[in-house]
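Peer 1: First, the structure itself, so that you have it in front of you.
The values are calculated or read from the model by the stated rules, or taken from the named source; none is laboratory data. Everything quoted here is computed from the prediction, not taken from an experiment. Methodologically, a virtual Cβ is constructed for each residue, glycine included, from the backbone with ideal geometry; neighbour enumeration extends over all protein chains shown.
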Amino acid sequence: MVPLIFATKDTTLKIIKVTTDEKTKRHLENLGILAGVEVSVISINSGNVILKVKDSRLALSQTVATKIFVE
């Protein structure tokens, strides 16, 4: 289990845990980022991460990406 920020480009990962405050956690859940969901890493640039979740692309800041744990 590692933070999303350490993932490599063009990999599919499973979200294990999200450790943010409740408001941010609810927002991420509404976007489809919750435990048990598979995401694909499209790009990592200067710590910012672009993910493919289901049929959508999402950009996450470095701060948020360090609080999402994947395997």
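Peer 1: Which pairs do you get when a residue that is touching a residue at least 12 places away in the same chain (Cβ under 8 Å), found in segment 6-19, comes within reach of a residue that is of a type in the set (Gly, Ala, Ser) and assigned to a strand (DSSP E or B), reach meaning Cβ atoms under 6 angstrom, with the pair 6+ apart or on two chains?
Peer 2: Matching pairs, first to second residue: THR12/SER40.
Peer 1: Here is a follow-up. Among (1) within 18 Å of VAL2 (Cβ to Cβ); (2) outside any strand (DSSP E or B), where does GLU29 come up short?
Peer 2: Answer for GLU29: the failing condition is (1).
A quick yes/no check of all residues on (1) among the basic types (Lys, Arg); (2) touching a Phe, Trp or Tyr at 6+ places or on another chain (Cβ under 6 Å); (3) part of a strand (DSSP E or B); (4) surrounded by 12 or more Cβ atoms within 10 Å (Cβ to Cβ):
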site: ILE5; (1), (2), (3), (4): no, no, no, yes
site: ASP10; (1), (2), (3), (4): no, no, no, no
site: ILE16; (1), (2), (3), (4): no, yes, yes, yes
site: THR24; (1), (2), (3), (4): no, no, no, yes
site: ALA35; (1), (2), (3), (4): no, no, no, yes
site: VAL39; (1), (2), (3), (4): no, no, yes, yes
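Peer 1: I've got another one for you. For the subset of segment 41-71 comprising residues that are under 15 Å from VAL2 (Cα atoms) and small (Gly, Ala, Ser), which member is surrounded by the most Cβ atoms within 10 Å (Cβ to Cβ)?
Peer 2: Top of the filtered list is ALA65.
Peer 1: Is it true that LYS23 is touching a residue at least 40 places away in the same chain (Cβ under 8 Å) and not β-branched (Val, Ile, Thr)?
Peer 2: Details: touching a residue at least 40 places away in the same chain (Cβ under 8 Å): no; not β-branched (Val, Ile, Thr): yes.
Considered against the rule, which asks whether it is touching a residue at least 40 places away in the same chain (Cβ under 8 Å) and not β-branched (Val, Ile, Thr), LYS23 comes out as no.
Peer 1: If a residue has to be of a type outside the set (Val, Ile, Thr) and either in contact (Cβ under 8 Å) with a residue 60 or more places away in the chain or part of a loop (DSSP other than H, G, I, E, B) (or both) to count, how many in segment 41-71 make the cut?
Peer 2: Of the residues in segment 41-71, the ones of a type outside the set (Val, Ile, Thr) are 43, 45-48, 51-52, 54-62, 65, 67, 69, 71.
Subset that is either in contact (Cβ under 8 Å) with a residue 60 or more places away in the chain or part of a loop (DSSP other than H, G, I, E, B) (or both): 46-47, 54-55, 61, 65, 67, 69, 71.
Number satisfying all stated conditions: 9.
Peer 1: Is one or more of the residues making up segment 9-25 at pLDDT below 95 and basic (Lys, Arg)?
Peer 2: Taking every residue of segment 9-25 in turn, at least one turns out to be at pLDDT below 95 and basic (Lys, Arg).
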